[in-house]
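Accompanying notes for the structure given below.
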Amino acid sequence: MTIQWYPGHMAKAKREVNEQLKKVDVVFEIVDARIPYSSRNPMIDDVIKQKPRVVILNKKDMTNLKELEKWETYFKKEGFYPVAVDAKHGKNLKNVEAEAIKVTQEKFNREKAKDLKPRAIRAMIVGIPNVGKSTLINKLAKRSIAQTGNKPGVTKQQQWIKVGKSLQLLDTPGILWPKFEDEEVGKKLSLTGAIKDSIVHLDEVAIYGLNFMITHDLEGLKRHYNVVVDEKAEIIEWFDAIGRRRGLLQKGNEVDYESVIELIINDMRNAKIGTYCFDILKEMKRDM
Ligand code: G4P
């Protein structure tokens, strides 16, 4: 489901997350490990402020692990507690509780020193649509709670879910908007399925994806589609070669470009060609 974000929605989403923040000790900011920068809300620091934060890089199974490591280092330097997980297959989830304990240690030590009763750490999940918030909540809860669907902000009746020995998690995530004003980010969001088709031009997304693979995984691209194209060739030659190889043709034996575009985007969204991280740290703009 696509959310159209308007200024009113954004203000409401921010307000609702703000309300929930008062109830928790730590925020789990969840991002897509294929685009750890592009899948962040543009105002996230402003929304979360000083609240201790664990950055959960989800969909670890779909990304490039070397790049992922660099992002973990980046987030650490920024003062956050990063943890990479694969929520869908339930991998590395124990680390979430472990990081939550680390990041709240000081606060809990202070409470202990004041003789306050021991209590569970309270956390909430925040992130843009489709990064896997509901999947993660369900896996942590070990039952089906959060609906996988999108609604800005958070809904009213919320409950605490017990996770492990020392953690309680709000059962409804805070949903914030993506950085859709930046064209390149928009293409990456589309390539990972975070935003749906109406907002971006799919031909541009497919071209962006092809160029990414030509630069970063030329052999993988050729192998997957079983085509031979010179790396210096015009992008249209790739469309032609892939279309012909796959028999995506229309009347007059012409290549059906729409079908080729759809094929490439679907293959990239499902990590069928390779597991890529599209936000490459050393190629990113300095102002991030
Ligand atoms: P949201 O609440 O943040 O909006 O995201 P949600 O949990 O609905 O997840 C969005 C999509 O991402 C779902 O796929 C979900 O299965 C998938 N997903 C979540 N975490 C992971 C992960 O760690 N690895 C992989 N590979 N996929 C993940 P979907 O196609 O919308 O649904 P479905 O086909 O899984 O039912």
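Hey, any hits in the range 239-254 for a residue that's open to solvent by 40 Å² or more (accessible area, probe 1.4 Å), hydrophobic (A, V, I, L, M, F, W, C), more than 16 Å from the ligand (Cβ to nearest atom) and on the phi < 0 side of the Ramachandran plot?
Within the range 239-254 (the criterion being open to solvent by 40 Å² or more (accessible area, probe 1.4 Å), hydrophobic (A, V, I, L, M, F, W, C), more than 16 Å from the ligand (Cβ to nearest atom) and on the phi < 0 side of the Ramachandran plot), the answer is yes, since at least one residue qualifies.
Would you pick out the residues in the range 92-118 that are in contact with a strand residue (DSSP E or B) (Cβ under 9 Å, 6 or more places away or on another chain) and open to solvent by 70 Å² or more (accessible area, probe 1.4 Å)?
LYS102
What do you reckon, is THR192 in the same structural domain as ILE30 (by the TED database), within 30 Å of MET284 (Cα to Cα), of a type outside the set (Lys, Arg) and modelled with pLDDT of 95 or more?
When the stated conditions are applied, THR192 does not pass them.
Please go through the range 175-201 and pick out each residue that is surrounded by fewer than 16 Cβ atoms within 10 Å (Cβ to Cβ) and of a type in the set (A, V, I, L, M, F, W, C).
Within the range 175-201, ILE199 is the sole residue that qualifies.
Of all residues in the range 73-91, count the ones that are surrounded by fewer than 18 Cβ atoms within 10 Å (Cβ to Cβ) and under 23 Å from ILE137 (Cα atoms).
Adding up the residues that qualify gives 4.
Tell me the residue from GLY186, GLY193 that is part of a helix (DSSP H, G or I) and either closer than 21 Å to VAL47 by Cβ or of a type in the set (Gly, Ala, Ser) (or both), please.
Matching residue, one of GLY186, GLY193: GLY186.
Name the single residue that is farthest from the ligand (Cβ to nearest atom) among those in the range 83-134 being without any contact (Cβ under 8 Å) to a residue 60 or more places away in the chain and closer than 26 Å to TRP177 by Cβ.
Here the residue is GLU99.
Considering only residues that are exposed (fewer than 15 other Cβ atoms within 10 Å of the Cβ) and not polar (S, T, N, Q), which ones fall in the range 211-230?
Those that are exposed (fewer than 15 other Cβ atoms within 10 Å of the Cβ) and not polar (S, T, N, Q): LEU218, GLU219, GLY220, ARG223, VAL228, ASP230.
Take TYR257 and decide whether it is open to solvent by less than 40 Å² (accessible area, probe 1.4 Å), modelled with pLDDT of 95 or more, out of contact with any Cys (no Cβ under 9 Å at 6 or more places or on another chain) and among the hydroxyl-bearing types (Ser, Thr, Tyr).
When the stated conditions are applied, TYR257 does not pass them.
State whether one or more residues within the range 56-63 are closer than 21 Å to VAL103 by Cβ, at pLDDT 95 or above and over 18 Å from the mean Cα position of the chain (by Cα).
The answer is no, given that none of the residues of the range 56-63 is closer than 21 Å to VAL103 by Cβ, at pLDDT 95 or above and over 18 Å from the mean Cα position of the chain (by Cα).
Is it the case that the range 36-43 has a residue that's hydroxyl-bearing (Ser, Thr, Tyr), part of a loop (DSSP other than H, G, I, E, B) and more than 20 Å from the chain's Cα centre (by Cα)?
So far as the range 36-43 goes, no, none of its residues is hydroxyl-bearing (Ser, Thr, Tyr), part of a loop (DSSP other than H, G, I, E, B) and more than 20 Å from the chain's Cα centre (by Cα).
Please enumerate the residues belonging to the range 135-146 that are surrounded by 24 or more Cβ atoms within 10 Å (Cβ to Cβ) and touching a residue at least 40 places away in the same chain (Cβ under 8 Å).
Across the range 135-146, the qualifying residues are LEU136, LEU140.
The values are calculated or read from the model by the stated rules, or taken from the named source; none is laboratory data. Bear in mind that the values here come from a model prediction, so they are computed numbers and not experimental data. Methodologically, a virtual Cβ is constructed for each residue, glycine included, from the backbone with ideal geometry; neighbour enumeration extends over all protein chains shown. Ligands, DNA and RNA are stripped out before the accessible areas are found, and what is left, the full protein with its side chains, is counted by its heavy atoms. Shrake-Rupley method; radii C 1.70, N 1.55, O 1.52, S 1.80 Å.
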